[in-house]
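Working notes for the structure below.
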Amino acid sequence: MLEQVKDWDDDFYEKFKPIAMGFVNEAEKCLQCGKCTGQCPAAAVTPSYNPRKIIRDLVNGNLKRVFSSVELWQCFFCSGCYSVCPMDINFPFFVFMFRLAAMNEGYGWEDVKQLEGYAEKDYLKKGITVSTFERNPEAMETVGDISKIRMAAGLPPERKVSDRGLAEINMISDLSGMTSFMKKIGGVELLDCKTCDDAQMKRCKNKPLPAKVGKIKTKLRFYNYGEPGGKAHAEA
Amino acid sequence: MADNYLEAYGQETSRDVAGRTANYFQDLFSLEMPLGRMMKMMPGMVKFAAAGKDTREDLFKFMPQMMPMMKQAFTGKKEE
């Protein structure tokens, strides 16, 4: 099947600007210079990820390609592209907005699901934003478990947050809709290769991606901007 | 299973997707808050207000004013 230029909605960006109330701007000024891609650490690891191409597709209105791509989910918001952009385009904010839109289309829920464990285990119950278990494995080897260091220094193993602080965190979570969102995506366990048993491994081979995250049906995403590459490309 | 995004979308064009996305963002950035969403926010606000001493006093002062408003929101009738 071939796609034609008339299928693209080149008015979309103009329609979208007033709706977003000034949160997004200046994408139409993009020079396609590629400075964003050149300095991007995510693009260095995954060469198919290319901020320049995503901006181009947004302005041209090729939204199917952007929303169904794996690449939209490679950005980790370092904002390096924003700092080098000669036209001051806030690309990370576009990524943020278009991840929401992609989720509305049914893509990428399995990536968001991975935040749930962190939110339910530590953030909402204890108010801790950085858990001891999610530290860099290399740091764990050299420095050791942070809770042991804290105990040796005469501190409790984890930081204590006051009841009022905890209530405030929960209020913010309720007000911003995060609590109801977490409830919506709950229900399906994601498989972790390090801890999985034989039964899970079998299931994993039959069914590589979760078709449903909580109550939401997910769709399969594609590498729409080229070969994913990975380690071999990063070394070359 | 589809091999690429064009097969996955089938006959749908980017114009259809753009329409859906524009509607989604219009709802998301709408300043009008539906009653359902407002009611979802209530437990969090009450939980927070009940946690501290000063905020608890404010909550109890505000309760008599709040109840008629909530009744009106549910029933649609204005009490006199």
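Would you tell me the mean number of C-beta atoms belonging to other protein chains that fall within 10 Å of each C-beta in A:166-177, as a whole number?
Counting other chains' Cβ atoms within 10 Å and averaging over A:166-177 gives 5.
Pick from B:Glu57, B:Glu32, B:Glu12 the residue whose mean-square fluctuation is largest in a GNM of chain B, springs joining Cα atoms under 10 Å.
Fluctuation is largest for B:Glu12.
Find out how many positive minus negative residues lie around A:Ile89, taking Lys and Arg as positive, Asp and Glu as negative, among other residues whose Cβ is under 15 Å from that of A:Ile89.
Neighbourhood net charge equals +2.
Calculate the mean, over all residues of peptide B:24-31, of how many other protein chain Cβ atoms lie within 10 angstrom of the residue's Cβ.
Rounded to a whole number, the mean comes out at 5.
As I understand it, the dipole of chain B uses +1 on the Cβ of Lys and Arg and -1 on the Cβ of Asp and Glu, about the Cα centre. Which of B:Thr55, B:Met45, B:Leu6 lies farthest toward its positive end?
B:Thr55
Would you report the distance distribution of C-alpha pairs in chain B as whole percents per 10 angstrom bin, up to the bin with the largest distance?
14, 25, 22, 15, 13, 10, 1
Taking a threshold of 24 Å on the Cα-Cα distance, which of the pairs A:Lys160/A:Lys184; A:Lys15/A:Lys184; A:Lys121/A:Lys183; A:Lys6/A:Lys217; A:Lys64/A:Lys219 fall above it?
Long pairs (Cα-Cα over 24 Å): A:Lys160/A:Lys184; A:Lys15/A:Lys184; A:Lys6/A:Lys217.
Every number in this text was worked out from the coordinates using simple rules, so none of it is lab data. Keep in mind that this is a model prediction, so the values were computed, not measured. Virtual Cβ from ideal backbone geometry, glycine too; neighbours counted across all protein chains shown.
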